[in-house]
1. Among the residues of region 65-88, write down those that are closer than 15 Å to Trp161 by Cβ, more than 11 Å from the chain's Cα centre (by Cα) and open to solvent by 60 Å² or more (accessible area, probe 1.4 Å).
2. Output the number of residues of region 141-173 satisfying the condition of being open to solvent by less than 30 Å² (accessible area, probe 1.4 Å), small (Gly, Ala, Ser) and in a loop (DSSP other than H, G, I, E, B).
3. If you check Ser151 against the conditions, is it within 30 Å of Lys49 (Cβ to Cβ), touching a residue at least 12 places away in the same chain (Cβ under 8 Å) and out of contact with any Cys (no Cβ under 8 Å at 6 or more places or on another chain)?
4. I'm checking my understanding of the structure. Among residues of region 52-64 that are open to solvent by less than 50 Å² (accessible area, probe 1.4 Å) and part of a helix (DSSP H, G or I), which one is nearest to Leu189 (Cα to Cα)?
5. Do you know which residues across region 1-33 are surrounded by 13 or more Cβ atoms within 10 Å (Cβ to Cβ) and more than 22 Å from Asn91 (Cα to Cα)?
6. Between residues in region 94-119 that are touching a residue at least 24 places away in the same chain (Cβ under 8 Å) and open to solvent by less than 10 Å² (accessible area, probe 1.4 Å) and residues that are small (Gly, Ala, Ser) and assigned to a loop (DSSP other than H, G, I, E, B), which pairs lie under 6 Å by C-beta distance while being six or more apart or on different chains?
7. Checking the structure you have, find out if any residue of region 174-189 is surrounded by fewer than 20 Cβ atoms within 10 Å (Cβ to Cβ), modelled with pLDDT of 95 or more and closer than 30 Å to Lys49 by Cα.
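The values are calculated or read from the model by the stated rules, or taken from the named source; none is laboratory data. These numbers come from a predicted model, not from an experiment. Positions of Cβ are backbone-derived with ideal geometry, glycine not excepted, and every protein chain shown enters the neighbour counts. Remember, those area values only see protein heavy atoms, side chains included, never the ligands or the DNA or RNA. Shrake-Rupley method; radii C 1.70, N 1.55, O 1.52, S 1.80 Å.
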Amino acid sequence: MPRASLRENLIAAAVEQFHTRGYAATGVKDITDAAGAPKGSFYNHFESKEALAVVALERYGDTRRLEALRDRSVAPLTRLREHFEFLRDENIQTGFNRGCLVGDLAVEVADHSDAVRATTRAGLQAWSDALAFAITDAQEAGDVARTLEASTLARFVLNAWEGALISVRVDRSARAFESFLTVVFGVLLR
């Protein structure tokens, strides 16, 4: 199997470090150490830590399984539930000490970086669009009421999920996930 490139190692290390420690608490040296790279090599691949954060956010977004929300071979509400169950299970496995990297960096960095703000906005929009796709399919199948537009429901569900992530980190408990799933699938998406 071919070795990962230094650039790829830096990106993977950045995703891990930003997700574990946050943006401000992560220095370039932390990233290069985690990647097993000399600090000076960082600037051969990235103009700045901010530029790497943009790429790290995009890479993280690629791991969120958004394409499964568009898979019409699976029932729409099943797609939606499985999506959030995957995210829930991933969070439980990490001991409730990570949120969503997009949401975390949006809160921590977006006020100070136009590039990070634009990337987090695009990431949240792509996620909302994928949710809306599945919700539209559910509405067309008659499984979800058409009282609200799918895009409005999708954005609300996404916002509720991000809020649940804050609660589980504070409580170190899955209770907020249980509430989220109960309300979203038992009340909102009916």
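1. Arg81, Glu82
2. Matching residues across region 141-173 total 1.
3. Numbers: within 30 Å of Lys49 (Cβ to Cβ): no; touching a residue at least 12 places away in the same chain (Cβ under 8 Å): yes; out of contact with any Cys (no Cβ under 8 Å at 6 or more places or on another chain): yes.
Criteria not met by Ser151.
4. To start, the set of residues in region 52-64 that are open to solvent by less than 50 Å² (accessible area, probe 1.4 Å) comprises 52-57, 60-61, 64.
In the following step, the residues that additionally are part of a helix (DSSP H, G or I) were identified as 52-57, 60-61.
Numbers: Leu52: 37, Ala53: 34, Val54: 33, Val55: 34, Ala56: 32, Leu57: 29, Tyr60: 27, Gly61: 24 Å.
Out of the qualifying residues, it is Gly61.
5. Passing the criteria: Leu6, Arg7, Glu8, Asn9, Leu10, Gly27, Val28, Asp30, Ile31, Thr32, Asp33.
6. Every condition considered, the pairs that remain are Val116/Ala110.
7. For region 174-189, residues surrounded by fewer than 20 Cβ atoms within 10 Å (Cβ to Cβ), modelled with pLDDT of 95 or more and closer than 30 Å to Lys49 by Cα: absent.
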